[in-house]
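The values are calculated or read from the model by the stated rules, or taken from the named source; none is laboratory data. Source: prediction; values computed, not measured. Cβ sites come from the backbone with ideal geometry, for glycine too, and all protein chains shown count toward neighbours. Heads up: the accessible areas ignore ligands, DNA and RNA and are worked out on the full protein's heavy atoms, side chains in. Shrake-Rupley method; radii C 1.70, N 1.55, O 1.52, S 1.80 Å.
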Amino acid sequence: MCTSIRFTDNSGHMYLGRNLDWSFDYGQQVRVMPRGFHIPYSFIDDATAAHAVIGMCIDYRNYPMFFDCGNDAGLAVAGLNFPGYAEYAEGPVDGKTNIAAYEFPLWVAATFSTVDEVEAALRDTVIVAKSAGEGLGVSLLHWIIGDSQRSIVVEVMADGLHVYDDPVDTLANQPTFPWHMENLRTYITATSDFPQTATWRGAELKPYGAGAGMRGIPGDCYSPSRFVKAAYLNANYPQKESETENVVRMFRSLEGVVMIEGASRMGDGKFEKTIYTGCFSARTGNYYYAMYGDPSIRYVSLMDAEGASPDRLVVPEPRRS
Ligand SMILES: C[C@H](CCC(=O)NCCS(=O)(=O)O)[C@H]1CC[C@H]2[C@@H]3[C@H](O)C[C@@H]4C[C@H](O)CC[C@]4(C)[C@H]3C[C@H](O)[C@]12C
């Protein structure tokens with residue numbers, strides 16, 4: 001499964017990150033798409049990228065199929081599995097902006113500067129169930145989109161395209177976003193405060209230490225549980241100032257909902273694990289990432305596309321953070 005959170009630093013710069021949980025590696029790589037890059041959309045002709053975009057993707061014949069990405073205006077997006085609920089249009093609809101599901105993160109980040117702009121454009125947009133290429137199928141996803149002001153969740157189901165304001169800046173997998181928000185009400189007594197000593201009849205019950213107020217927050221990997229735990233951690237983490245502190249915040253928070261090999265099998269019997277954790281920083285344009293087997297954090301930057309030819313995706317040299 002996957003989990004994503006968004007937050008801002010003291011000066012309002014956004015960080016959006018995600019765990020990508022699955023049983024195998026897709027051969028994903030970090031790429032930078034330069035501004036002006038020609039985008040061969042399925043249903044839009046002659047499009048070029050208004051923004052430079054950085055993120056994790058499959059570099060499919062010089063076409064970035066982004067899993068999550070951010071742009072030079074500070075807007076970022078991540079796609080998370082949503083099978084059993086996601087239902088896209090079977091074909092394009094006349095008079096609408098038609099976007100194939102696999103194009104969605106790229107279209108958002110290449111075209112828009114703010115969540116408000118995306119939300120307005122979505123009123124006239126249809127997400128189409130078109131495969132990216134032979135054998136690739138159509139991924140059933142929902143998306144979180146964030147900027148310095150807020151985040152939204154986009155869910156396309158049989159009853160249409162829904163855009164939800166995401167006041168907890170969190171997304172996991174199934175079920176729907178409104179269900180996850182309703183479920184949070186079960187946990188409103190959870191607190192990070194140091195517990196008081198309780199008196200039960202004649203007994204004085206002192207806390208063992210910190211953490212008692214958090215009891216009841218789930219620690220398993222099930223999607224509703226990850227949503228609750230990620231939302232709790234994101235709501236209680238103190239505001240931080242520097243880039244390093246905020247990148248640490250992202251990686252530590254997402255570690256809180258990490259999937260550890262052996263803990264849970266997928267339907268096909270294989271263990272699911274956090275293949276990678278990624279974090280886009282709108283402050284620097286850096287994309288930080290760490291892999292399951294190599295948890296050291298590396299990063300690449302949007303700057304790596306500066307002066308690059310708009311014809312090719314940039315293959316950036318990873319730096320150690
Ligand atoms: C598997 C990934 C989602 C991880 C996740 O949410 N897992 C949940 C597990 S569970 O079901 O809920 O158990 C998704 C996120 C982005 C997806 C990829 C991107 O959409 C880009 C292309 C799109 C193509 O249609 C399929 C290949 C693909 C390369 C996708 C493969 C896969 O579906 C990815 C990698």
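Ordering T277, F194, N236 by Cα displacement along the dipole of the chain toward the positive end leaves F194 in first place; charges were set at the Cβ atoms of Lys, Arg (+1) and Asp, Glu (-1). In this structure, D94 and Q29 have a Cβ-Cβ separation that, at R0 = 35 Å, corresponds to a calculated FRET efficiency of about 0.45. Scanning the chain for chymotrypsin sites (Phe, Trp or Tyr not before Pro) in DSSP loops with at most 10 other Cβ atoms within 10 Å, what's the longest stretch left with none? Free of exposed loop sites, the longest segment is 25-207. Taking 0.36 nm per residue of separation and subtracting the current Cα-Cα distance, fully stretching the chain between T114 and D311 would add 68.4 nm. Among the trypsin sites (Lys or Arg not before Pro) within the range 34-101, those in coil by DSSP and having at most 13 neighbouring Cβ atoms inside 10 Å are R61.
When the trypsin sites (Lys or Arg not before Pro) in the range 188-261 are filtered for DSSP coil states and for at most 12 other beta-carbon atoms within 10 Å of their beta-carbon, the remaining sites are R201, R215. From the Kirkwood radius over Cα pairs of the chain, Stokes-Einstein at 10 °C and 1.306 mPa s returns a whole-number translational diffusion coefficient of 78 µm²/s.
Of the residues T277, T186, T197, the one that moves most in a GNM of the chain with alpha-carbon contacts below 10 Å is T197. Between the residues G256, Y85, C69, the greatest Cα displacement towards the positive end of the dipole of the chain, with unit charges on the Cβ of Lys, Arg, Asp and Glu, is found for G256.
On the beta carbon distance between Q239 and A121, with R0 = 30 Å, the FRET formula returns roughly 0.45. Taking Lys and Arg as +1 and Asp and Glu as -1, the other residues whose beta-carbon sits under 10 Å from that of F112 total -4. Across the range 84-186, C-alpha contacts under 8 Å between residues 6 or more apart give a mean separation that, scaled by the residue count, equals a relative contact order of 29 percent. Computed from backbone phi, the HN-Hα couplings of the range 119-127 come to 4, 5, 5, 5, 4, 10, 10, 10, 9 Hz, rounded to whole numbers (Karplus: 6.51 cos²θ - 1.76 cosθ + 1.60, θ = phi - 60°; Gly and Pro given as x). If R0 is taken as 30 Å, the Cβ-Cβ distance between E204 and R252 corresponds to a FRET efficiency of 0.30. Candidate cross-link partners of K240 among the aspartates and glutamates, defined by an alpha-carbon separation under 13 Å and a same-chain spacing of 8 or more, comprise D9.
If only the Cβ of Lys and Arg carry +1 and only the Cβ of Asp and Glu carry -1, the dipole of the chain around its Cα centre is close to 1060 debye. Taking P218, P207, P175 as the candidate residues, the one with maximal mean-square fluctuation in a Gaussian network model of the chain, Cα springs under 10 Å, is P207. Carbon-plus-sulfur accessible fraction, the chain (probe radius 1.4 Å, protein heavy atoms only): 51%.
Tell me, what is the per residue accessible area of the chain in Å², probe radius 1.4 Å?
47 Å²
What relative contact order, as a whole-number percentage, does the range 1-63 give when Cα pairs under 8 Å and 6 or more residues apart are counted? Across the range 1-63, relative contact order equals 27 percent.
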